[in-house]
Amino acid sequence: MSLGTSALTQGNAQQAQTHLEHALQLHPTSDAHYNMGICQYMLKNIDRAIEHWKKSVQMDPKGADAYVSLGNAYFLSKKESGKAIDYMQKAIELAPNDPEIQFNLACMHESQGSLDQAIELYTQAASNGLDRAQPYLRNAMAKRIKQQI
């Protein structure tokens, strides 16, 4: 699996796919499925990526990264906000102080018009050290004020 991970790090998804397929045949693990999901996503095989991330979650239901990837795939590629938010919510339950997860979930809520939830999550992300959450927080607060006028 290390060859596949190395190829992914170098941005070589085709080579990573070959190595990860071999690793999955020899010893299927949650990490191997997770990395194959990333590989498939890079190759624009969104449905296959989702399949691998779901297998990763089945094998290790306490791993937040696969839930994050599922949430992002459903939000960005499948345009299924409800599923995306559900997966991202599971990720935040597993890693409640992760500012990247808080930020991603805030963006999803904001896109759905749930400004109170978005503001709360942007605030948490900023408090946990994610500086780029600040302008998003200000924008969401401005949107909420505009709604109240």
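What is the distance in Å between the Cα centres of segment 121-149 and segment 9-63? Each part reduced to its Cα centre gives a spacing of 34 Å. Based on protein heavy atoms only, segment 1-90 ends up with 54 Å² per residue of surface accessible to a 1.4 Å probe.
A probe of 1.4 angstrom, applied to the heavy atoms of all protein chains, finds Tyr87 with accessible area near 50 square angstrom.
Using +1 on the beta carbon of Lys and Arg, -1 on that of Asp and Glu, and nothing else charged, what's the dipole of the chain about the Cα centre, debye to 20?
Values: 14 positive and 15 negative charges, 93 e Å.
Once rounded to the nearest 20, the dipole reads 440 debye.
Kirkwood Rh, the chain, all Cα pairs: how many Å? Let's see the in-between values first.
Values: mean 1/r = 0.0619 Å⁻¹.
Taking every pair of different Cα atoms in the chain, averaging 1/r and inverting gives 16.2 Å.
Within segment 114-149, the trypsin sites (Lys or Arg not before Pro) that combine a DSSP coil assignment with at most 14 other C-beta atoms in a 10 angstrom radius are Arg132. Give me the percent of accessible area attributable to carbon and sulfur for segment 24-149, probe 1.4 angstrom. Here carbon and sulfur together make up 50 percent of the probe-accessible area. For Glu21, the accessible area of its heavy atoms, probed at 1.4 Å with every protein chain present, is near 70 square angstrom.
The values are calculated or read from the model by the stated rules, or taken from the named source; none is laboratory data. Just so you know, these numbers come straight off a predicted model, no measurement behind them. For neighbour counting, all protein chains shown are included, and Cβ atoms are generated from backbone atoms with ideal geometry for every residue, glycine included. SASA here: full protein model, heavy atoms, side chains in, ligands and nucleic acids out. Shrake-Rupley method; radii C 1.70, N 1.55, O 1.52, S 1.80 Å.
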